[in-house]
Amino acid sequence: MIEARHLRVLRAVSTTGSFSAAARELGCTQPAVSQQMKALESSAGTTLLIRTGREMRLTQAGEALVRHASGILAGLTAAEEEVAAIAGLRAGRVRLVSFPSGSSTLVPGALAALRAEHPGTRVSLVEAEPPRSVDLLREGDCDIALAFRYGATGGEWDDLVVRPLLTDRLIGLLPEGHRLAGAASVSIGELAEESWIAGCPRCRRQLVEVCEESGFTPRIDFATDDYPAVMGLVGAGLGVAVLPELAVESVRPKGARAVPVEPAIEREIVALTLPDLARVPAVAATLDQLARTAAR
């Protein structure tokens, strides 16, 4: 019989590449990891790992078992949480992953309300942008992922429970002395000759597509994913930028003016979880509070 503890060890070895690194991650000894892997291979009836130099490589059977391990472990966690909540043994635990502007705007109010209503529920928070946050959810390393997308992409979240929260519009940031700083709105095309400040290639993709539809490619002189840094560069008159409205709310723009841009660029903000986890009382309560906070 394959045991859950053996699956956790196999996943750790797969992620870290060695018994010693997996032992450090799991807080046990290397001989214990080796012993559990031997027991798992005995249960599976086949070799799961092959040593190549200093690293361990999964066999085809090992790769198949790791693919199933995340879903199995997530289901077991959900079962443990739900049974514990029903039995009254503990109130619950929720591991939340959020992107930075969500962490500073939606998350604080939701978690404060959750703590007031369910003081025994423990919530942990780490930050990650999608798609990494979604990967963490599928791998069983979190219970809820706060994520966003620009336009629905067919099938990307079909295996998950999707809780829509809000639509977040991107806002233009201009230096206070800019010729368009006092406008009610600004067309992207009017900024064709400007120096731009934008994020990583993945993060700026939507901006570049909208600019190209307006007939130009933005000249990106400064690249940073740090929102305060973007605002500081705009405030110093070094360029223009567009940021999500949530990000503008979380950091007061000094020396910069926020102006709506046309055509509107919007992203959908959602909370994601696995179907099994959605039935866990603490996870369901957290999803409800995130939805209520987003609706205010």
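Kirkwood analysis of the chain, using all unique Cα-Cα pairs, places the hydrodynamic radius at 21.8 Å.
Would you please classify the overall shape of region 173-243 from the alpha carbon gyration tensor, given that a ≥ b ≥ c denote the square roots of the eigenvalues, rounded means a/c under 1.5, and beyond that prolate means a/b larger than b/c while oblate covers the rest?
Working: a/c = 1.85, a/b = 1.05, b/c = 1.76.
The shape class here is oblate.
The reciprocal of the average 1/r between distinct C-alpha atoms defines the Kirkwood hydrodynamic radius, which for region 141-296 equals 17.0 Å.
Calculated accessible area for the chain comes out at 49 Å² per residue, all protein chains present (probe 1.4 Å; ligands, DNA, RNA ignored). Taken about its Cα centre, region 114-234 carries a charge dipole of about 220 debye when Lys and Arg each add +1 at the Cβ and Asp and Glu each add -1 at the Cβ.
The convex hull of the Cα atoms of region 129-180, projected and averaged over all directions, covers 5.5 nm². Go through Val66, Ser101, Ser185 and say which Cα lies farthest out towards the positive end of the charge dipole of region 47-188; charges sit on Cβ, +1 for Lys and Arg, -1 for Asp and Glu. So the residue furthest toward the plus end is Ser101. Rolled with a 1.4 Å probe across the full set of protein chains, the surface gives Ser124 an accessible area near 60 Å². Simple spin-label estimate for Arg5 and Gln60 gives 3.2 nm between the two label positions (7 Å along the Cα-to-Cβ direction from each Cα).
The three principal axes of the C-alpha atoms in region 241-296 carry coordinate ranges of 46, 23, 17 Å, sorted with the longest axis first. Measuring nothing but protein heavy atoms, the accessible surface of the chain at 1.4 Å probe radius is 50 percent carbon and sulfur. Within the assembled protein chains, the solvent-accessible surface assigned to Val208 is about 30 Å², based on a 1.4 Å probe. Note on region 262-296 and region 89-144: Cα centroid distance 10 Å, given to the nearest whole angstrom. Taking all protein chains together and rolling a 1.4 Å probe, Asp168 ends up with roughly 0 Å² accessible. From the Kirkwood radius over Cα pairs of region 93-218, Stokes-Einstein at 20 °C and 1.002 mPa s returns a whole-number translational diffusion coefficient of 123 µm²/s.
The values are calculated or read from the model by the stated rules, or taken from the named source; none is laboratory data. As the structure is a prediction and not an experimental result, all values here were calculated from the model. Reconstructed Cβ throughout: ideal geometry from the backbone, glycine too, with neighbour counts over all protein chains shown. When the accessible area is computed, the model is the full protein with side chains, heavy atoms only, and any ligands, DNA or RNA have been set aside. Shrake-Rupley method; radii C 1.70, N 1.55, O 1.52, S 1.80 Å.
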